[in-house]
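The values are calculated or read from the model by the stated rules, or taken from the named source; none is laboratory data. Keep in mind the model is a prediction, meaning the values are calculated, not measured. We place every Cβ from the backbone using ideal geometry, glycine too, and count neighbours over all the protein chains shown. SASA here: full protein model, heavy atoms, side chains in, ligands and nucleic acids out. Shrake-Rupley method; radii C 1.70, N 1.55, O 1.52, S 1.80 Å.
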Amino acid sequence: MIMIIMGLASLFIVHVNGENSLSFDHQKLSTDGHYDDQMQNMKAFKHSLLTRRQLVTPTISSSPAPAPQAMNQPPGSRLHVYEVTSYGADPTGKLDSTEALLKAITDAFNGPSEGFLMKGIANLGGAYINLQGGNYRISKPLRLPAAGVGNLMISGGTLTASDDFPTDGYLIDLSASSSSSSYNYEYITIKDLMLDCNYRGGGISVINSLRTSIDNCYITHFNTEGILVQDGHETYIRNSFLGQHITAGGDPGERNFSGTAISLMGNDNAVTDVVIFSAAIGVMISGQANTLSGVHCYNKATGFGGTGIYLKLPGLTQTRIVNCYLDYSGIVAEDPVQLTISSSFFLGDAYILFKSVKGLAKGINIVDNMFSGSNKGIEIVQLDQSKGPFKQIDQVVVDRNNVNGMNLKATVAKGSVQGNGTSWTVDFSPVLLFPNLIDHVQYSVSSSGALFPSHALRNVSENRVVIESDVAVPASVFVTVDQGVSS
């Protein structure tokens, strides 16, 4: 404000002085005492403003500002950052770094906490185990010392299993033998990591944990599971890549791919924007209320015995699969109950298989998908009734899917037939999914003859609709059928 006032005052004096100079010649201006008085007054006013500013402004030290606190903090510091090389971990991967990494994890576990999350789970305040971009060789799983902590992140490097890593272990193992809380851990974040299992076990195990986040991870060379989620709630797997073998399709050893990329044995989890490029099974789901979105499976072709997504929870599926890409590998659902598959793309004769265990199929929506094949007569939705037929069928909708090079299957169909006579038959068996099941029929008869016949629906067996009239007439018959509602 002071500088603005000074600027305006100077501008005013110069402006006035400039106008006065038009009234006097140069000699008179230089000798006019009034002008000299104005300049003296202006200097006195400026001096008083500067003096006042010095009185009210605190003195600023000329010494340099202290440098920001470095990220390489000792354990237990305010920033809760634990850099693993300071514990002796070898970032080149030449030496075993297991004990050094476990010491960093232990210090983070024992570090300062800030209250609690769920009851019995201490809030570590965002403790960060920083792998510093190194590649660390480990010979046993990395585990927290005990259960009961949360708000912890492991990030920023590569973990590689040694040749003597246990074949039933996981590089990062969020499990505990006992816990005072309902859950082992809460809000653990695993991100920006590459996990090389060296065909010696799995990548990440999340057991009875709450709100775990696995983000931007590359997990490979597993022989069991890339990620195992068991019990607990709300594990979110995002923006990650998983494959037993590092390949980009067309691998000559594809027939021998094994293992499961992601196994969800718990409830309320989500897999989003994930690519699975090699494994016998892409995603195995045996828990309820899970969601898959943006998942691309080209793990092992169905023709080689692979499955993209396997839903193994007969009678209580409760799964939503949306906007996914099944690339030569399909979906299998055992006794599906409450299942939605929509807005997804099936390439290379990939299809959906309903597998009967106790004959249940209820609350299913297979809608608005795209199927592309090689004109081999493969049906887009198939039934496996080797253990018995589907007997309880209710609210099943397979409709509005578009097909190229495969055979359409649906639970809703329309057909028409023309003829001159007393009987018209429309055969829906090539299209309808379930054999010998039509629950609802609508039809209309359009006749151009002079007679007005009486007509009726006479038969719907073997998915064939028969309409008969009392007199022979030339007519067109239009029929719509629905299998989705149990009779």
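Among Gly203, Gly226, which is the only one that is part of a strand (DSSP E or B) and closer than 23 Å to Thr106 by Cβ?
Unique residue meeting the criteria: Gly203.
Please find, within segment 138-153, the residue that is modelled with the highest pLDDT out of those that are part of a strand (DSSP E or B) and out of contact with any Leu (no Cβ under 7 Å at 6 or more places or on another chain).
Ranking the qualifying residues of segment 138-153, first place goes to Met153.
Within segment 97-120, track down each residue that is assigned to a loop (DSSP other than H, G, I, E, B), open to solvent by 20 Å² or more (accessible area, probe 1.4 Å) and under 19 Å from Asp173 (Cβ atoms).
Of everything in segment 97-120, just one residue is assigned to a loop (DSSP other than H, G, I, E, B), open to solvent by 20 Å² or more (accessible area, probe 1.4 Å) and under 19 Å from Asp173 (Cβ atoms), namely Asn110.
Of all strands (runs of 3 or more DSSP E) completely enclosed by segment 278-346, which ones contain at least 3 residues that are modelled with pLDDT of 95 or more and surrounded by 24 or more Cβ atoms within 10 Å (Cβ to Cβ)?
Result: 281-285, 290-297, 307-311.
Can you find, within segment 472-481, the residue that is surrounded by the fewest Cβ atoms within 10 Å (Cβ to Cβ) among those that are of a type outside the set (Val, Ile, Thr) and under 12 Å from Gly415 (Cα atoms)?
Per the criteria, the residue is Ser476.
Given the conditions (1) surrounded by fewer than 18 Cβ atoms within 10 Å (Cβ to Cβ); (2) over 20 Å from Gln288 (Cα atoms), report the number of the one that Arg238 does not fulfil.
(2)
For the structure I just gave you, tell me whether Asn184 is within 16 Å of Arg211 (Cα to Cα) and at pLDDT below 95.
Yes, satisfied.
All but one of (1) open to solvent by 70 Å² or more (accessible area, probe 1.4 Å); (2) farther than 30 Å from Phe390 by Cβ; (3) under 51 Å from the mean Cα position of the chain (by Cα) hold for His455; which doesn't?
Every listed condition holds for His455 apart from (3).
Open to solvent by 20 Å² or more (accessible area, probe 1.4 Å) and either in the same structural domain as Ala104 (by the TED database) or farther than 21 Å from Ser97 by Cβ (or both): is that true of Gly126 in this structure?
In short, yes.
Counting only residues that are buried (at least 20 other Cβ atoms within 10 Å of the Cβ) and part of a strand (DSSP E or B), which one in segment 206-223 is nearest to the chain's Cα centre (by Cα)?
So the residue we want is Ile214.
Could you list, in sequence order, the residues of segment 77-115 that are touching a Ser or Thr at 6+ places or on another chain (Cβ under 9 Å) and of a type in the set (A, V, I, L, M, F, W, C)?
Val84, Ala89, Ala100, Ala104, listed by residue number.
From Ser448, Ser469, Ser429, which residue is surrounded by fewer than 17 Cβ atoms within 10 Å (Cβ to Cβ) and more than 27 Å from Phe390 (Cα to Cα)?
Testing whether each residue is surrounded by fewer than 17 Cβ atoms within 10 Å (Cβ to Cβ) and more than 27 Å from Phe390 (Cα to Cα) leaves just Ser448.
Could you list, in sequence order, all residues of segment 352-365 that are open to solvent by less than 20 Å² (accessible area, probe 1.4 Å) and more than 25 Å from the chain's Cα centre (by Cα)?
Ser356, Gly359, Ala361
Considering each residue of segment 177-205, count those that are open to solvent by less than 40 Å² (accessible area, probe 1.4 Å), without any contact (Cβ under 8 Å) to a residue 60 or more places away in the chain, out of contact with any Phe, Trp or Tyr (no Cβ under 8 Å at 6 or more places or on another chain) and not acidic (Asp, Glu), and give that number.
Residues meeting the conditions: 4.
Just checking, does segment 248-267 include any residue being more than 29 Å from Ser162 (Cα to Cα), part of a strand (DSSP E or B) and open to solvent by less than 10 Å² (accessible area, probe 1.4 Å)?
yes
Taking segment 158-172 as the region of interest, how many residues are open to solvent by less than 10 Å² (accessible area, probe 1.4 Å) and either out of contact with any helix residue (DSSP H, G or I) (no Cβ under 9 Å at 6 or more places or on another chain) or assigned to a strand (DSSP E or B) (or both)?
Residues meeting the conditions: 6.
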